[in-house]
Amino acid sequence: MATDTAPPFAKTTCILCESNCGIEVRVEDGRFTRIKGNKAHVGSKGYTCEKALRLDHYQNHRTRLDSPLRRRADGTYEEIDWDTAIAEVAAKFAAVRDTHGGDKIFHYGGGGQGNHLGGAYGRGVQSTLGVKFRSNALAQEKTGEAYVEARLYYAHTRGDVEHTEVAVFVGKNPWMSHGFPEARRVMKEIAKDPDRSMVIIDPRRTKSAEMADYFLQVKPGTDAFCVAALVAILVRDGLLDDEFMAAHVTDAEPVLDALAHVPIEDYADRCGIPLEDLEAVARRIATADSCTVFEDLGIEQAPHSTLVSYLQRMLWILTGSFGKPGGMFPHTNLSQLGSGGGGANRQKYTPVTGAEIISGLTPCNSIANEVLTDHPDRIRAMIIESANPVHSLTESDRFREAMRSLEVSVVIDVAMTETARQADYVLPASSQYEKPESVFFTHEFPNNVYTLRKPIVPPLAGTLAEPEIHSRILEELGAYTDDDLAPLHAAAAESRSAFGAAFMELMAAKPELTSSGASILYRTLGPTLPDGMAEGAAVWFLAQMCAINHPIAVERAGFVAGDDGNAGDALFDAIIGSDDGVVFTKHVWEEAWDLLGVREDQKIRLNIPRLLELLTALPDAPRTYTSDEFPMVLSAGERRSFTANAIFRDPGWRKNGRDGAIRVSPHDALDLGLVDGDRARLVTQGGVTESPVEVDDAMQAGHISIPNGYGVDYPDENGEHGRVGIAPNELTHLGWEDEIAGTPWHKHVPARLEPISVQ
Ligand SMILES: Nc1nc2c(c(=O)[nH]1)N[C@H]1C(S)=C(S)[C@@H](COP(=O)(O)OP(=O)(O)OC[C@H]3O[C@@H](n4cnc5c(=O)[nH]c(N)nc54)[C@H](O)[C@@H]3O)O[C@H]1N2
Ligand SMILES: Nc1nc2c(c(=O)[nH]1)N[C@H]1C(S)=C(S)[C@@H](COP(=O)(O)OP(=O)(O)OC[C@H]3O[C@@H](n4cnc5c(=O)[nH]c(N)nc54)[C@H](O)[C@@H]3O)O[C@H]1N2
Ligand code: SF4
Ligand SMILES: [Mo]
């Protein structure tokens, strides 16, 4: 129907960071011509940052894939049809399983900042192939944190930043990276409220640091000294919440004893912060009614990472800021992130390098070494989906080499990425706006929010959504039969409650089908769901489990059994019908303790012996990791206003910072004879590159910084391939990683900067 009024806005979410803000998009001829915040979204309430407005560059660009591809011997690719692709992929992976065992097939990825449904559907294929080892981006950032939390209280905690009195950010720049709802609005409110404070611990005077009441400008890589000193001051000055400690903390003695021995003044010196500033921050935290602490990559990808994850938690544990408004909290989940399945199958160490597996994930830095060896248990095949590890993992060259030495590999992506270019098969996925999608970053409390997005544009011809791709592979592998599905089709036609009963009956009768549950739901319940939402079928099971695990919180959120269906069905119907996100659990603060895994005594186990040993050994840690050859510290992967991992490939998406300059302090610039805009050579043990510099007085001497998300291949209008900016992992180097979690030191790469002389 021709009309001269503009098309209406369609509701979805931004996919560029874990906040997944609700947005409204006007689509004209397949282009996203206008984007605005969705005020009705229950989580983000209309909030967005500048990046969401540029999402057309994700949806429409020159490297979208629109046909399955097979690699030729000369490294070029030929288009093949879907039937051939599915048949060959299934046969080749099954052959690896049958010859060498499914544990030699590795799985990487499963979702990014906006898409986790594909990961849920991929489990069936992995299980049918016997995959035992897997990983994703979490194993180069959050596994240290997971290690600590699994020992302290067996849960994932977050902070009520919105209502807290003192918000502490260590190695996090929330103005740029967000990470909690309405980050910039909340930060502005804290900044202007004289009764609340923000503490930033960062070597750079970031935009967040400029807003902070307390800015601890640490020397790069010295957070363990800084945070140990802060906690030790609490102990020294008797600033602990004794009542909370007595009621809720166990095995504290050895920890308090070790903290009493921390050489506070020496540590202040080592991290470069005046002692009185550390004392002021420790006192501010201890005298506040509540505090939250939020760590991120600045410590997770730097020396002593897991130790800092441990120490920073003591700031709020010793001061009792848990389970109350403005404090720290655990939360419900619709689906567990990270661990790709567990139970009896769970492995503790990797077979080749013996790296410790945390949350079911092989440390990212170990993957290439699990391939490039003649060890009989080496990885021989890889499934990679929705991730670009050649670009995002340490030492891109080594990962490339690893991929090329596999017997078979498949990449599922929307774009022809650096990783896809090394794969034997490339399968084109429909974009995140062409299919139902969602993330399981459900991290809020007391009210937790989940959003299942509807497609807002038809799938690009030639692409398939991951649920269809995985289900076709599973069916090719013979995981289930039409006969298995027949009773479910019949029950789905009858009623929701009949379907639920039939599904549970099938799973009980044939437990081997459980891992294919998502595909079975997609094929049977899927066709009965509202138009275009079949791929949401797997969420039915998650809603059922949530209602079973958290019956009171789900009921408080308004979901109760009805005429046809239980509370889980009511929750699922709300999820599938909503454009604005759904509050799926509502708690009261007193229930926070029930969500920790320490239900029997509700006590936090403070002593983690391995980390206490590291704390005790800290005085002997090297003072620097730099050398005469590499005298500076490079932070490789800073979040800036126009970076978004490698989700955007078209560099034209950036409104500023187009070349992704190397940030360098005025002191170093003077020393090296560099002025703003000069090109310089950046050298590390991992590689050499050239780029313009930006002289930035937010940088401290000896510290340089490059952004993440740059340096991806993208053709110009003539098809000539080019790259804008530095690919950070052409410069990083394997081997420098956390001693516990194996997380890489991306923020702490010894480096040298040289002017490209023009005299
Ligand atoms: N704009 C934007 N936002 C994003 C993303 C994006 O690509 N772009 N990506 C998302 C993802 S995947 C993640 S994980 C988060 C990450 O979010 P952040 O961790 O906040 O982002 P980074 O800029 O990588 O690192 C944070 C800070 O660490 C500092 N840092 C460097 N070395 C040290 C050190 O030794 N000690 C301390 N204390 N700090 C140090 C850097 O100066 C930087 O300001 O951002 C998310 N949000
Ligand atoms: N040196 C250095 N390295 C880093 C970092 C750093 O700071 N410094 N940061 C690290 C961090 S915190 C993270 S989280 C990682 C991120 O790195 P990765 O986990 O590799 O993720 P992305 O770069 O976001 O790439 C996501 C991929 O998903 C694809 N994609 C988008 N939509 C879809 C879809 O619907 N289906 C499928 N199948 N694919 C889709 C995109 O095209 C892209 O190739 O990078 C890490 N690497
Ligand atoms: S990038 Fe993050 S904060 Fe910005 S609009 Fe997207 S989801 Fe929201
Ligand atoms: Mo990340």
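The values are calculated or read from the model by the stated rules, or taken from the named source; none is laboratory data. It should be emphasised that the depicted structure is a prediction, and the values quoted were computed from it without experimental measurement. No Cβ is skipped: glycine too gets one built from the backbone with ideal geometry, and neighbour counts run over all protein chains shown.
Here is how the numbers come out for the structure above:
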| read-out | value |
| --- | --- |
| Test: residue in the stretch 476-484 that is in contact (Cβ under 8 Å) with a residue 40 or more places away in the chain, out of contact with any helix residue (DSSP H, G or I) (no Cβ under 6 Å at 6 or more places or on another chain) and not aliphatic (A, V, I, L, M) | no |
| Qualifying residue in the stretch 64-72 (condition: in a strand (DSSP E or B), closer than 18 Å to GLY478 by Cβ and at pLDDT 95 or above) | no |
| Selection count, the stretch 422-453, where residues are away from ligand 4 (no atom under 16 Å from the Cβ) and either in contact with a Gly (Cβ under 8 Å, 6 or more places away or on another chain) or part of a loop (DSSP other than H, G, I, E, B) (or both) | 21 |
| All positions within the stretch 407-446 that are more than 30 Å from ASP160 (Cβ to Cβ) and small (Gly, Ala, Ser) | SER409, ALA415, ALA420, ALA423, ALA429, SER430, SER431 |
| Residue within the stretch 729-740 that is outside the structural domain of SER392 (by TED's automatic domain parsing), under 30 Å from ASN60 (Cβ atoms) and not small (Gly, Ala, Ser) present | yes |
| Close pairs (7 angstrom Cβ cut-off, 6 or more residues apart or separate chains): in a helix (DSSP H, G or I) in the stretch 108-129, within 15 Å of ligand 4 (Cβ to nearest atom) anywhere | GLY118/GLY110; GLY118/GLY111; GLY118/SER386; GLY119/GLY110; GLY119/GLY111; GLY122/GLY110 |
| Those residues of the stretch 130-151 which are in a loop (DSSP other than H, G, I, E, B) and of a type in the set (Lys, Arg), in sequence order | LYS132, LYS142 |
| THR362, sole failed condition from (1) within 27 Å of LEU55 (Cα to Cα); (2) buried (at least 24 other Cβ atoms within 10 Å of the Cβ); (3) touching a residue at least 60 places away in the same chain (Cβ under 8 Å); (4) among the hydroxyl-bearing types (Ser, Thr, Tyr) | (1) |
| Total residues in the stretch 607-636, condition touching a Pro at 6+ places or on another chain (Cβ under 9 Å) and either among the acidic types (Asp, Glu) or surrounded by 23 or more Cβ atoms within 10 Å (Cβ to Cβ) (or both) | 5 |
| Among the candidates GLU535, GLU512, residue that is assigned to a helix (DSSP H, G or I) and over 19 Å from GLU437 (Cα atoms) | GLU512 |
| Filter result (assigned to a loop (DSSP other than H, G, I, E, B) and surrounded by 24 or more Cβ atoms within 10 Å (Cβ to Cβ)) within the stretch 728-747 | LEU731, THR732, ASP738, ALA741, GLY742, THR743, TRP745, HIS746, LYS747 |
| Sole residue being under 26 Å from HIS703 (Cβ atoms) and within 16 Å of ligand 2 (Cβ to nearest atom), chosen from MET176, MET198, MET187, MET211 | MET176 |
| Answer residue from the stretch 375-410, given it is among the hydroxyl-bearing types (Ser, Thr, Tyr) and not in a strand (DSSP E or B) and is surrounded by the most Cβ atoms within 10 Å (Cβ to Cβ) among those | THR394 |
| Test: residue in the stretch 606-617 that is part of a loop (DSSP other than H, G, I, E, B), over 29 Å from LEU393 (Cβ atoms) and within 28 Å of the chain's Cα centre (by Cα) | yes |
| Test result for ALA155, away from ligand 2 (no atom under 16 Å from the Cβ) and touching a Gly at 6+ places or on another chain (Cβ under 7 Å) | yes |
| Pairs with Cβ under 8 Å, 6+ apart, first in the stretch 627-642 and outside the structural domain of CYS49 (by TED's automatic domain parsing), second within 16 Å of ligand 4 (Cβ to nearest atom) and among the hydroxyl-bearing types (Ser, Thr, Tyr) | ALA636/THR732; ARG639/SER177 |
| Residue count, the stretch 665-680 (criterion: in a loop (DSSP other than H, G, I, E, B) and without any contact (Cβ under 8 Å) to a residue 60 or more places away in the chain) | 4 |
